[in-house]
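One structure is given below, encoded as structure tokens.
The values are calculated or read from the model by the stated rules, or taken from the named source; none is laboratory data. This structure is a prediction, so every number in the text was calculated from the model and none was measured. Quick reminder, even Gly has a Cβ in these numbers, built from the backbone with ideal geometry, and neighbours come from all protein chains shown.
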Amino acid sequence: MASSKKKVVIFILVVIILLLIVLPVTFYFLANNNAKNKVAEFTESIKDICLIEYGSVSYNIINRHLTVNNIAVTCSNEKIMDIKKAEFNHIVSSTPVPSNVQADFTDGILYNKSPLFKEFGKTFGDLGFDKIDFKGRISYTLGKKSKEFNFVTIDITSNNIGHIKGSLKVLNAYDDSLKNIINNIVHNPASFYITFTDNGLKNKVFEKFAAISELEVDAVKSKVNNAVYKRALNTDNSTKSNYTQLEKFLLSSNSISVKLNEQDNISLKDTLYSLDMSGYRKLLNSIKNLKVEMTAK
């Protein structure tokens, strides 16, 4: 009798041990297969906008991280981005894209000469950046009811350019079509607070301005110093402040924060297109058209 009870106990222990080993392994493979299917479904759903190719896909059931390696993004038959590794978490499924995602990127390369980036890509190309390295984290929410798109976290570093950190919100962005969502994010009223910390971009800009003006860099800086005062005359207090803060950033500080208020009813496209970096005079003149608040640090 005792022997039978002992065998039953041993059997139960063996079953428990097997369950402890087999179930997590089973869930792991199920999760991985589901993750692979979800990634495949998403890339298929946006193939008319951009082609996304990738290597391995895995899902960690302990920390709920989806990892995708060796991502290549091609739009309009031009490669625009490579990412060695991307980790996604806090994913909330929805259509046509997840309503909530946090993404961490490692060893990314942006090919800014692609026609997709138009004037902005050309500007960085003229500064000597044929491609831009990046790493960091972004997280967003997209509400079906609120219609708002929120970059809750923007924290991106480029080794030779600098560090961008902040947040962004766009009104009435949601749509059943991903293409329309992207269009809305670019064209609808937006608000943001972004801080840029320089790590080489300013030197590139001054070198470019010097080449255009056929002057030495120090001479360009001196002209910027003199030109700011003249351009700030007969402007409102907000514009005067922006001139002062931009001058401080260009000549003495290392960081600048830029804020766009929601009530100004201005889109990202209008904000970016107001800024002209094709020469230091044009840059200073364009500040009068910018409806933002600048603070150098």
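Numerical summary
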{"read-out": "Residues of region 82-96 classified as surrounded by 16 or more Cβ atoms within 10 Å (Cβ to Cβ) and assigned to a loop (DSSP other than H, G, I, E, B), total", "value": "1"}
{"read-out": "Looking only at region 41-55, and only at residues there that are in a strand (DSSP E or B) and aliphatic (A, V, I, L, M), the one that is nearest to Thr26 (Cα to Cα)", "value": "Ile52"}
{"read-out": "Residue match in region 61-70 (condition: free of Cβ contacts under 8 Å to residues at least 40 places away in the same chain, of a type outside the set (A, V, I, L, M, F, W, C) and within 28 Å of Glu262 (Cβ to Cβ))", "value": "no"}
{"read-out": "Neighbours by Cβ (under 7 Å, 6+ apart or cross-chain): first from region 264-287, farther than 22 Å from Ala232 by Cβ; second in a loop (DSSP other than H, G, I, E, B)", "value": "Ser267/Asn188"}
{"read-out": "Glu247 being farther than 23 Å from Lys297 by Cβ, in contact with a helix residue (DSSP H, G or I) (Cβ under 7 Å, 6 or more places away or on another chain) and part of a helix (DSSP H, G or I)", "value": "no"}
{"read-out": "Scope region 211-243; condition of a type in the set (S, T, N, Q), surrounded by 13 or more Cβ atoms within 10 Å (Cβ to Cβ) and over 11 Å from Lys288 (Cβ atoms); matching residues", "value": "Ser213, Ser222, Ser241"}
{"read-out": "Search result, residues across region 150-174 that are surrounded by fewer than 16 Cβ atoms within 10 Å (Cβ to Cβ) and not in a strand (DSSP E or B)", "value": "Asn159, Asn160, Asn172"}
{"read-out": "Odd one out for Ser58 among (1) small (Gly, Ala, Ser); (2) at pLDDT 90 or above; (3) in a helix (DSSP H, G or I)", "value": "(3)"}
{"read-out": "Test: Phe105 is under 27 Å from Gly143 (Cβ atoms) and under 17 Å from the mean Cα position of the chain (by Cα)", "value": "yes"}
{"read-out": "Residue within region 26-40 that is surrounded by 15 or more Cβ atoms within 10 Å (Cβ to Cβ), under 21 Å from the mean Cα position of the chain (by Cα) and in a helix (DSSP H, G or I) present", "value": "yes"}
{"read-out": "Matching residues, region 175-191, being closer than 11 Å to Ser267 by Cβ and buried (at least 17 other Cβ atoms within 10 Å of the Cβ)", "value": "Asn184, Ile185, Asn188, Pro189, Ala190, Ser191"}
{"read-out": "Among residues of region 120-158, those that are of a type in the set (Gly, Ala, Ser) and touching a residue at least 60 places away in the same chain (Cβ under 8 Å), counted", "value": "1"}
